[in-house]
Amino acid sequence: YRVGSLVGTVLSFVGVIFLILIIFAGLKWMTSRGNQQEVDKAKDLIIAAVIGLIIVLAAYAITAFMGSTLVK
């Protein structure tokens, strides 16, 4: 029970980090003032953050499934 709670807490924290990355990339894009290199960096950061968020959600789903299976 404690391990599942710890994993859930860590995955939640990582999810918050990715949310902050997406917000940061959006702000970077808005303040790029038309500089295409800065826009491309912001796009790359958003794509990386979304991929990371998908990985975190998948890890959380797998952990929740395994936790519920092991408890039964």
Residues (modelled with pLDDT of 85 or more, out of contact with any Phe, Trp or Tyr (no Cβ under 8 Å at 6 or more places or on another chain) and among the basic types (Lys, Arg)) located in segment 20-72: 28, 33, 41
Residues of segment 42-72 classified as in contact (Cβ under 8 Å) with a residue 24 or more places away in the chain and open to solvent by less than 100 Å² (accessible area, probe 1.4 Å), total: 12
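Considering only residues of segment 26-41 that are open to solvent by less than 100 Å² (accessible area, probe 1.4 Å) and part of a helix (DSSP H, G or I), which is nearest to residue 5 (Cα to Cα)? Let's see the steps before the verdict.
Filtering segment 26-41 for residues open to solvent by less than 100 Å² (accessible area, probe 1.4 Å) gives 26-28, 31-32, 34-35, 38-40.
Checking the rest, the ones that are also part of a helix (DSSP H, G or I) come to 26-28, 38-40.
Values: 26: 32, 27: 33, 28: 35, 38: 39, 39: 39, 40: 38 Å.
Step by step, filter segment 26-41, then rank; the result is 26.
The values are calculated or read from the model by the stated rules, or taken from the named source; none is laboratory data. Quick caveat, the model's predicted, so the values are computed rather than measured. Methodologically, a virtual Cβ is constructed for each residue, glycine included, from the backbone with ideal geometry; neighbour enumeration extends over all protein chains shown. Areas reflect the complete protein model, heavy atoms only, side chains present, ligands, DNA and RNA absent. Shrake-Rupley method; radii C 1.70, N 1.55, O 1.52, S 1.80 Å.
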